[in-house]
Amino acid sequence: MSPQLIANIVVLAAIYALVSAGYVLVYRVSHVLNLAHGELMMIGAYILVATAGLFSGNPILALLLAAVSGLVMGLVVYAVLMRWLTGEAVLAAVLVTIALGILLRGLSILIWTTQQFYPAAIFGWRNPPVHILPGVQISVASLAIVALTIIVYAALFLFLQFTAWGVRMRAAGQNPLLAEQRGIRLHAVYALAWGLSTFTASLAGMLLSLDSGVESTMATIGLKAFPAALVGGLDSLFGALVGALIVAAAEIAAIQFVNPLLSDVVPFLVLLLVLAVRPWGLFGSREQLDRV
Amino acid sequence: MTNVPQAAPLLAIDDLRVAYHRVAVALHGVTLRVMPQTIVALVGNNGAGKTTALRAISGFIGVDDARVIGGSIRFAGRRIENEPPHANTARGIVLVPERDKVFPNLTVAENLTVAATRRASSAERRRLDELVFALFPALAPLRARLAGLLSGGERQMLAFGSAIVCKPELLLVDELSLGLAPVVVDDLARRVRAIRRELGITVLLVEQNVGVALAIADYGYVIESGHVVLEGPAGELRGRPEIQQFYLGLATGNQVRRYRALRERPANGPGDRRQ
Amino acid sequence: MKDAGSSDLALFGTPARRIRLAVALVALLLLPFVASPFLLDLANQVLLAVIGALALMLLTGFAGLISLGTAGLLGAGAYTVGVLVREAAAAFWVTLPAAALLGAILGLVFGLPSLRLRGLYLAISTLGLHFVVVYLGGEYEAREALSTGVMIDPPSIGRFSLTSDIGWYFVLLAFAALALLISVNLKRSRTGRAWRALRERDVVAEALGIDVHRFKLLAFVVSATMTSVAGALFAYYRNFVSIDAFSLYLTVQYVAMIIIGGMGSIPGALLGAAFVMLFPYAIEAAAGFLPSRFGNVVFALDYAAFGVVMILFLLLEPAGLMGIWHRIRAAFAARRATSAPKSAPGSASGSAPGSAP
Ligand SMILES: Nc1ncnc2c1ncn2[C@@H]1O[C@H](COP(=O)(O)OP(=O)(O)OP(=O)(O)O)[C@@H](O)[C@H]1O
Ligand SMILES: [Mg+2]
């Protein structure tokens, strides 16, 4: 395998990892599989298009505004939709996310049409390839994605491991009833999980759109990142990271050596393989299975 | 009311009725009082409704599909039926549950951190943690251990500890002795008394082991099939022949298995009373 | 014999219900002769959808297993027909059983994870199924250089071939009726009760002595077989197969059918199928009144409106259209019950005071 191929794998893995962090967060805390995650990521990218249009002279402000909107988006989704399903069967909650996904898809086309947008062009940024090693080049935006993924994962790890609210999120995921009995407001914890989830998804969407633009098909990336989350085990962030690497490697290898058409199906083939051998994922906990 | 209360009760439950899934009524009108700084025991057989009563006080969540359908629960004069558990914990009602009493995938220290204590500065949090380790010194060396790996006794101590970090005024304890060796139970019982004495915390204790319960409680209620069938000061209850016969295992024969059956037979005849 | 008679009775219920059923049946049989070609095509689409909706209802509504594989299974059935017709000029009495068989095999293979996994993981493995089918279909189209999909001749016996929409109507009606019969019987049987127990909770079902694995797999196989056959019929009806027709949105539509119709209800599946198939036309009609800017993206409007309707049902009326129907009936019954004692003496005297003319 050439170094360039490895670099491509790392970039793709970073994208998948950044996106799948949101799946893991929401799942781990509230046991809801958010099938609208890809669409929420796409909306995050479109919001950047909007803020870039408003503040084309001030990219930092536009980026900050879009990032904050990403956080607010999750809080709103929780408060308006998911909140009413707390304590209901998980089935209903998952179905609602499917409905939300289709709604967001429709809305985004109504608002932004099917045309492709380039927020980077609005800022007047170019996205030149850089040589990180002799013979290995990746775009600046891709580098930023890798860096951001590392930062986001480190921050999430520290947050979940060492802050009281992080510990509470983990606790609520394990035993919501006991969490409530220890004074934790489940609604607050769930809303926070949704907020962080769409925040990281928006960051991914924003950077992807800076790299290669955004159009109505971006949501598919969210769907493809999903196997990465599951391969690692839905309740483990570290697992999501490793899962993303495995899926990205398989996908790039398949595109390179077998057939480019395989791109969409490979993540799911990897997933099916893992499900057959280790249904709880590579790093997930076995008892987690019972809750799904 | 035969015993005139000297002070206002901390917890006053009147004619409490609770149903699961809207139809299965588990409590049929329970009335009880818990005076400040006392230890009250609620005893009864399996399925009598003890856990249900404590859960009703501490609050149900959606998945329980349970509701208070009648009567009232007053805590410090305020009505709290059907409030969510976190709100009651914030009021100072904290439960040590029967099962799933700790977070198994969190460490001992994290199990204490989790509690969202009302109005507590970080200094006070530290003081509360220290208090827990002072009350239960056995936990101190286990701080970094996953709670799922603790022994039954250690787990119960941790459950008490994490409840105490919530700064309870009223501590609800579901099955202090379940699955624990007699020595451990004695030790825990002493600590419950210490918690009441030194921290001024009121305790409502549910037990199947009537001997243990009446040994540490000031006042006791006996509950059967969702009804309170007997109540009185603990010492007095201990001396009652029915209690000795049915709950303390001193029965000579076993023609009558339930206290209510004994009590009702002369009054109601063989026909069962319909609820 | 006696048994069959009593289950017949159970199926059709009271005499009043039997009469209503007979009226509905006559209406269904007469419909194609009065409907316009457009309406007839719509009716045929609804009948096709009914089969898939019933299949999904069995799986999700009865057994509580989420599947996102409907579009994939429809595609698998359609492609079985497409490939067999193109490669071997196979007749429908080969292709339809082949589609059923493939459906059963796919149901078995993708249902296997459900033995070790629960609910949501299954949704994902079926999503995998979807992408596998789409890939294989796309690959086939690309290799054969078929830019517009596979053309399929109408099914024929001897010199007679099924081309008229009226003919199709009766064929599809028969298949939908068969699917309905299978569903009703399964629901009433031991299998149906086992599924209900499964849906409530695996552990409980196991404790009741239900062979959880067998019944889960059965749900999967039956559902997948029905769906695959529906896909095959779809291919014949449309005269062609293209992989573009089997998008995830199609799956969402089928999920919407069972949500909107009413989870766990067989009439709900029928209502839901009709609702979802008619919905786009309603949106199109409504779009005529909107600024032209939206006119170009009716499909997007469709998506958005669809999402909203699904969410509203899930949040406000989880029992779906059937729930609304029961509520209306209960309200009427209550009205009748309260008005009956008052109106009784009135009707005896001929004219009640205060009664509306
Ligand atoms: N989630 C539930 N759904 C339906 N019924 C329930 C539920 N939980 C408890 N019950 C019923 O309510 C009644 C009281 O149960 P509860 O758990 O309160 O008894 P208990 O006195 O705590 O018994 P034990 O000593 O065995 O813990 C029982 O008949 C039980 O079957
Ligand atoms: Mg109990």
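The values are calculated or read from the model by the stated rules, or taken from the named source; none is laboratory data. The structure presented is a predicted model; accordingly, all values stated were derived computationally and were not measured. No Cβ is skipped: glycine too gets one built from the backbone with ideal geometry, and neighbour counts run over all protein chains shown. In case anyone asks, the SASA skips ligands and DNA or RNA and just uses the protein heavy atoms, side chains included. Shrake-Rupley method; radii C 1.70, N 1.55, O 1.52, S 1.80 Å.
Quick notes
- A:TYR118 contributes about 110 Å² of solvent-accessible surface, heavy atoms of the protein only, 1.4 Å probe.
- Given B:LYS50/B:LYS167; C:LYS187/C:LYS216; A:LYS224/C:LYS187, the pairs whose alpha carbons are separated by over 25 Å: A:LYS224/C:LYS187
- Part-to-part distance (alpha-carbon centres) for segment B:1-73 and segment A:29-50, which is given in Å: 44
- Rounded Å value of the spacing that divides the Cα centres of segment C:72-93 and segment A:138-214: 46
- As a length-normalised measure over Cα pairs under 8 Å and 6 or more apart, the relative contact order of chain A settles at 34 percent.
- Charge dipole (Cα centre; +1 on Lys/Arg Cβ, -1 on Asp/Glu Cβ; no other charges) of the protein assembly as shown amounts to roughly 2440 debye.
- Principal axes of chain A: Cα extent on each, largest first, Å: 56, 46, 36
- Here the contact order of segment B:96-167, divided by its residue count and restricted to Cα pairs under 8 Å and six or more residues apart, works out to 55 percent.
- Separation of the A:PHE159 and C:ARG335 label points, Cα + 7 Å toward Cβ, nm: 5.4
- Of the chymotrypsin sites (Phe, Trp or Tyr not before Pro) found in segment A:140-240, no site is in coil according to DSSP while having at most 13 other Cβ atoms within 10 Å of its Cβ.
- Cα Rg over Rh - chain B, Kirkwood: 0.97
- Share of carbon and sulfur in the accessible heavy-atom surface of chain B [1.4 Å probe, %]: 51
- Residue-averaged [θ]222 nm for chain B, counting only DSSP H segments that reach four residues, each worth -39500 (n - 2.57): -10000 deg cm²/dmol
- Largest mean-square fluctuation among B:VAL229, B:VAL43, B:VAL94, in a Gaussian network model of chain B whose springs join Cα atoms under 10 Å apart, belongs to B:VAL229.
- Peptide ranges B:27-36, C:327-336, A:251-260 listed from the most packed, as the mean C-beta count within 10 angstrom indicates: B:27-36, A:251-260, C:327-336
- Spacing of the two label points (7 Å from each Cα toward its C-beta) at A:VAL140 and C:ALA282, in nm: 5.1
- Cut-off 10 Å between beta-carbons: net charge of the residues surrounding B:LYS101, Lys and Arg +1, Asp and Glu -1: -2
- Size-normalised alpha-carbon gyration radius of the protein assembly as shown, reference 2.2 N^0.38 Å: 1.09
- Mean residue ellipticity (222 nm) of chain A, computed from DSSP H runs ≥ 4 via -39,500 (n - 2.57), nearest 500: -24500 deg cm²/dmol
- FRET efficiency estimate (nearest 0.05) - Cβ-Cβ, B:ASP65 to B:ARG143, R0 56 angstrom: 0.90
- Kyte-Doolittle mean at least 1.0, axial Cα span of 27 Å or more - DSSP H helices of chain A: A:3-30, A:59-80, A:90-112, A:140-162, A:186-212, A:237-257
- Taking a quarter of the surface of the Cα convex hull of segment A:179-242 gives a mean projected area of 5.6 nm².
- Largest accessible area first, the listed residues C:HIS326, A:HIS37, B:HIS227 line up as C:HIS326, B:HIS227, A:HIS37 when surface is computed with a 1.4 Å probe on the assembled protein chains.
- Packing order of peptides C:254-263, B:60-69, B:166-175, highest average first: C:254-263, B:166-175, B:60-69 (average count of other Cβ atoms within 10 Å over each peptide's residues).
- Projecting the Cα atoms of B:PRO104, B:VAL114, B:GLN156 onto the dipole axis of segment B:96-167, where Lys and Arg carry +1 and Asp and Glu carry -1 at the beta carbon, places B:VAL114 farthest toward the positive end.
- Note on chain A: dipole from Cβ charges, positive end direction compared against A:GLN115, A:PHE159, A:ALA21; the farthest Cα belongs to A:PHE159.
- For segment C:66-73, 3J(HN,Hα) per residue [Karplus equation, 6.51 cos²θ - 1.76 cosθ + 1.60, θ = phi - 60°, Hz, x = Gly/Pro]: 7, 10, 10, x, 4, 4, x, 6
- Lys/Arg +1, Asp/Glu -1 at C-beta; chain B dipole; positive extreme among B:ILE61, B:LEU139, B:ILE39: B:ILE61
- Length-normalised contact order of chain B in % [C-alpha pairs under 8 Å, at least 6 apart]: 23
- Residue-averaged beta-carbon neighbours from other chains (10 angstrom radius) around C:126-136: 5
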